[in-house]
Amino acid sequence: MPLLEVKNLHVSYSARSGEVCPALAGVNFDLGPGEILGVLGESGSGKSTLAAALLRLLPSNGRIQKGLVLFEGKNLLEVSPQDLRKIRGGRIGLIFQEPSSSLHPTLQIGQQVSDVLAAHEYLARRALNEKTSQLLASVFPVDAERISRSYPHELSGGQRQRVLIAQAIACGPSLVVADEPTASLDPTTQKEILQLFGTLRQKLGLAMILITHNPALLAGLADRILVLYAGRVAEIGPAAKVLSSAQHPYTAALLRCLPTDFAEGQSARKTRLPVIPGEPPDLSLHDRGCQFEPRCTERMAVCQCDEPAVNAVGELHEVSCFKFAG
Amino acid sequence: MQPLLRVENLVKLYAAGRSASSKDKLTALDGVSLSIPSGETLALVGESGSGKSTLALCIACLEPPTSGSVWFEGIDAAALGENQQCLLRPQIQLVFQDPASSLNPRWTALDIVSEPFLVQGRFTKPDRAVRALQLLDLVAIPRKMAARRADELSGGQKQRLAIARALALEPKLLILDEALSALDCSVQAQISNLLLDLQSSLGLTYLFITHDFAIAAHMADQIAVMYQGRIVESGPSEKILSSPNHEATRSLMAATPRFIETPGVLVHF
């Protein structure tokens, strides 16, 4: 049984003028236990909305119009606020993009990790402290004791992110949702954090939803990749397949934008990269048809009128594109 | 032919202690030397804290170095007085990483690109408007966006605007400090193409600061690697990428995630 099933999720935001802007439309995907799903999307794709919607953490002007989010058999969109509170942090851990703004500036790190435990579990003081030390040791192989007594401003960006990871896994959740967890980090630190995710998945059987705009981060880590464009799932499939033979025109065009491997051709240096012309659509305009159509080099007449249905293109590999319509 | 920019033994110390009288010093730059021929791109690669941004500020004459020289077209810029430096600054312009903070969100696109003209007291009012629109054309921002406020533009459009502003005074050297790092992949490709086109049409020289070796490999003629305030390795891009010597270079290259489209595997250099 899948750990998480998202069915037909529709989320919209209301502007002050009363205008409604759809941010996610008809999102469907499953996640198995211990699986890492990479959600690949650029700005405006709806990826952060998806992370927030799963746990009903949308801002006040956001609304889940319809859909189901089944987690461990329960519909998260319908559970009581008390149950939801137990699930958030307890069964599902969250890691957000800016470690500096997610940590309390005047509490020591050890305290901040203990607080997460204390919010979900009844533990005596000694047990709480021991568990906190173990958690910090799992993300800080050296120096955990010193980190525990430090304040956030005394830590580097990478260290702060490790603290957030410790908080996210504190209560032994079965799923962690990480929204651009390495965006503000240096390459070396980024690599370490990604490796840490891999290790945690192995050791704890943790499932992850890893949200990013950079396809290269997902290669070698994600089991499957879901590509979001304009609030819709463009493509979903095994990571290796999506990256090596992307079927949706957007995915293929996005991967072509990456600077090519230098070793393959030195003449590639200082040449123009293939780009996706234009900009992502303004979803408040409610345009008919496929959202990628204006920028698609393979567009057909039907793409302007209707939204494409989902088509299977391989083993567990689906694409929403009229190219594959039967 | 002399290089457009030649930095010689640049040292920059900052006071590090808590009290005003403390003698503790932080060495941000520890004797940095580099040179860039006119029309070329040097990528300065390093992690945070390596001194890249401090070097950018010293070259742009926004921070006085503790010692050393910054030779720009044969003139030691660092040794000039304030008035003469003001005359030199238009030649060296900066584009920063985060256009949301480097552009005033409440100003219109037209006002933002016109600001350098006002600061430098150039051109009449009608002329400024004409030139500002031409700058928007140069970076492919549609003229109908000229009256939009900066916070109404997308990330890519904002960065184009930042580049247009940097080009207003017709500089010879553009220092791009992580200018592509905050952008989505597809937007990065668009902006890097724009930068290549502008370099070729305007004869610009770039100092391209980045922590991303993949971008450095794509954009630069030369690569210099910074570590703890020093340039530990530098040379033509091909050489650095094919046979890196220094540990810092190798570890940065190893940490740059790129993948080869076929067979879709994660590759580190």
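For the reader, a short list of remarks on this structure follows.
- Test: B:S69 is under 23 Å from B:S237 (Cα atoms) and either in contact with a Ser or Thr (Cβ under 8 Å, 6 or more places away or on another chain) or surrounded by fewer than 21 Cβ atoms within 10 Å (Cβ to Cβ) (or both): no
- Some residue of the range B:227-241 being facing another protein chain (nearest Cβ under 10 Å), out of contact with any Lys or Arg (no Cβ under 7 Å at 6 or more places or on another chain) and assigned to a loop (DSSP other than H, G, I, E, B): no
- Candidate set from the range A:199-252 (those that are at positive phi and surrounded by fewer than 24 Cβ atoms within 10 Å (Cβ to Cβ)); member that is farthest from the chain's Cα centre (by Cα): A:G205
- Note on the range A:169-197: residues that are more than 22 Å from B:A182 (Cα to Cα), part of a helix (DSSP H, G or I) and in contact (Cβ under 8 Å) with a residue 24 or more places away in the chain total 3.
- Restricting attention to the range A:151-183, the residues that are among the basic types (K, R) and more than 14 Å from chain B (Cβ to nearest Cβ) total 1.
- Filtered residue count, the range B:63-110, keeping only those that are under 29 Å from B:D151 (Cα atoms) and part of a strand (DSSP E or B): 5
- Test: B:L196 is closer than 20 Å to A:L258 by Cα and assigned to a loop (DSSP other than H, G, I, E, B): no
- Residue that is modelled with the lowest pLDDT [pool: residues in the range A:99-111 that are surrounded by 15 or more Cβ atoms within 10 Å (Cβ to Cβ) and within 24 Å of A:I211 (Cα to Cα)]: A:P99
- Under the condition of being modelled with pLDDT under 90 and either out of contact with any Gly (no Cβ under 7 Å at 6 or more places or on another chain) or at positive phi (or both), the residues counted in the range B:24-46 number 2.
For (1) farther than 19 Å from A:S101 by Cα; (2) within 11 Å of chain B (Cβ to nearest Cβ), each residue gets a yes or a no:
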{"position": "A:L185", "(1), (2)": "no, yes"}
{"position": "A:Q195", "(1), (2)": "yes, yes"}
{"position": "A:T199", "(1), (2)": "yes, no"}
{"position": "A:Q202", "(1), (2)": "yes, no"}
{"position": "A:G205", "(1), (2)": "yes, no"}
{"position": "A:A219", "(1), (2)": "yes, yes"}
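- Residues being over 18 Å from the mean Cα position of the chain (by Cα) and either touching a residue at least 24 places away in the same chain (Cβ under 8 Å) or closer than 22 Å to B:L204 by Cβ (or both) - total across the range B:1-27: 8
- If only residues of the range B:204-221 that are farther than 17 Å from B:I163 by Cβ and in a helix (DSSP H, G or I) are counted, the one that is farthest from the other protein chains (Cβ to nearest Cβ) is B:A216.
- Scanning the range A:156-203 for residues that are aliphatic (A, V, I, L, M), in contact with a helix residue (DSSP H, G or I) (Cβ under 7 Å, 6 or more places away or on another chain) and over 22 Å from A:S43 (Cα atoms) returns A:V163, A:L164, A:I165, A:A166, A:I169, A:A170, A:I193, A:L196, A:L200.
- Restricting A:T297, A:T271 to residues that are among the hydroxyl-bearing types (S, T, Y), within 13 Å of chain B (Cβ to nearest Cβ), in a loop (DSSP other than H, G, I, E, B) and farther than 17 Å from A:H213 by Cβ narrows the list to A:T271.
- Scan the range B:194-203 for residues that are within 13 Å of chain A (Cβ to nearest Cβ) and either within 16 Å of the chain's Cα centre (by Cα) or closer than 11 Å to B:A43 by Cβ (or both) and the total you get is 5.
- Taken as a whole, the structure places A:S148 among residues that are hydroxyl-bearing (S, T, Y), away from every other protein chain (no Cβ under 14 Å) and touching a residue at least 40 places away in the same chain (Cβ under 8 Å).
This table checks each residue for (1) acidic (D, E); (2) touching a strand residue (DSSP E or B) at 6+ places or on another chain (Cβ under 6 Å); (3) part of a strand (DSSP E or B).
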position: A:P2; (1), (2), (3): no, yes, no
position: A:K7; (1), (2), (3): no, yes, yes
position: A:V11; (1), (2), (3): no, yes, yes
position: A:A23; (1), (2), (3): no, yes, yes
position: A:G26; (1), (2), (3): no, yes, yes
position: A:D30; (1), (2), (3): yes, yes, yes
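- Where B:S186 falls short, out of the listed (1) in contact with a Gly (Cβ under 9 Å, 6 or more places away or on another chain); (2) surrounded by fewer than 23 Cβ atoms within 10 Å (Cβ to Cβ): (2)
- Top-ranked residue of the range B:141-161 - restricted to ones that are part of a loop (DSSP other than H, G, I, E, B) and within 12 Å of chain A (Cβ to nearest Cβ), ranked as nearest to B:P105 (Cα to Cα): B:L153
- Contact map, the range A:219-241: residues that are acidic (D, E) paired with residues that are assigned to a helix (DSSP H, G or I), Cβ distance under 7 Å, separation 6+ or inter-chain. Pairs shown: A:D223/A:A239; A:E235/A:V242; A:E235/A:T251.
- Residue in the range A:48-61 that is within 14 Å of chain B (Cβ to nearest Cβ) and either touching a residue at least 12 places away in the same chain (Cβ under 8 Å) or of a type in the set (S, T, Y) (or both) present: yes
- Hey, B:S251 within 10 Å of chain A (Cβ to nearest Cβ) and out of contact with any strand residue (DSSP E or B) (no Cβ under 9 Å at 6 or more places or on another chain) or not: yes
The values are calculated or read from the model by the stated rules, or taken from the named source; none is laboratory data. Remember, predicted model here, so these are calculated numbers, not experimental data. So basically every Cβ, Gly included, is an ideal-geometry build from the backbone, and we count neighbours across all protein chains shown.
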